[in-house]
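Following: one structure in structure tokens, then a few remarks.
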Amino acid sequence: MRIVVLVSGTGSNLQSVIDAAATGELPVEIAAVGADRPGTAGIARSADAGLETFVVDFKDFATRGEWDAALLAAVQAYTPDYVVSSGFMRIVAPSFIDAFPGRYVNTHPALLPAFPGAHGVRDAMAYGVKVTGCTVHFADAGVDTGPIIAQTAVEVLDSDTEESLHERIKVAERTLLISVLKDLAAPFN
Ligand code: GAR
């Protein structure tokens, strides 16, 4: 199974996918890692791992439509079976979803449909929930919407900061993402 992974930042969840693919625990080929801005740690760690990388910088395009078309072309060039949004903080166009029907997977640090968006951990804490978690789902053109594949609950501790809670969620998120990718890869192996 060939995957393209899209990132916007640190790429720590991506790193666990890279590691699991390298050891053979996860039978996928990471065809490329792409980002929507230059200078991300996610791209740097991918290059360090010898992976192909690309950047479709949102700032390089006059219109949203042109960026959409460029992102789609860049991803399609690698003919992935699945595209994984791993901390990719942009909503893709309907044309992107149409190009990868049921094949665009996103991870989110909350129990969707609760607390979608860029601040899922902060928003859950601000609401005062006692349990939150992470979700891996088939993404559509909405903000963290689309059919849920799997979720893991994570308890919120009284002592938690946004950072400490997000770190614990990410530990669960990495296990969940790799487990989902293994299931998706099974028919290919
Ligand atoms: C992850 O927790 C991911 O779920 C979240 O960004 C983090 C990326 O961390 N994505 C979203 O909030 C999407 N709405 P990483 O770059 O260290 O893997």
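The values are calculated or read from the model by the stated rules, or taken from the named source; none is laboratory data. Small disclaimer: the values here were computed from a predicted structure and weren't measured. Ideal geometry is used to build each Cβ from the backbone, glycine not excepted, and the neighbour counts take in all protein chains shown.
Collect the residues in region 13-40 that are out of contact with any Gly (no Cβ under 8 Å at 6 or more places or on another chain), closer than 22 Å to Pro109 by Cβ and not hydrophobic (A, V, I, L, M, F, W, C), keeping them in residue-number order.
Those that are out of contact with any Gly (no Cβ under 8 Å at 6 or more places or on another chain), closer than 22 Å to Pro109 by Cβ and not hydrophobic (A, V, I, L, M, F, W, C): Gln15, Ser16, Asp19, Gly34, Asp36, Arg37.
Taking the condition within 11 Å of the ligand (Cβ to nearest atom), small (Gly, Ala, Ser) and touching a helix residue (DSSP H, G or I) at 6+ places or on another chain (Cβ under 8 Å), does Ala118 pass?
So Ala118 does not fit the description; no.
Name the one entry in Ile30, Ile91 that is β-branched (Val, Ile, Thr), within 16 Å of the ligand (Cβ to nearest atom) and over 28 Å from Pro187 (Cβ atoms).
On inspection, the qualifying residue turns out to be Ile91.
Which one of Asp183, Asp123, Asp140, Asp158 is without any contact (Cβ under 8 Å) to a residue 40 or more places away in the chain and part of a loop (DSSP other than H, G, I, E, B)?
None of the other options fit; the residue is Asp158.
Across region 121-143, what is the total count of residues that are in contact with a helix residue (DSSP H, G or I) (Cβ under 9 Å, 6 or more places away or on another chain), within 12 Å of the ligand (Cβ to nearest atom) and under 24 Å from Leu157 (Cβ atoms)?
Of the residues in that region, 8 qualify.
Any residue in region 101-113 that is modelled with pLDDT of 95 or more, surrounded by fewer than 16 Cβ atoms within 10 Å (Cβ to Cβ) and closer than 30 Å to Asp160 by Cβ?
Yes, some residue in region 101-113 is modelled with pLDDT of 95 or more, surrounded by fewer than 16 Cβ atoms within 10 Å (Cβ to Cβ) and closer than 30 Å to Asp160 by Cβ.
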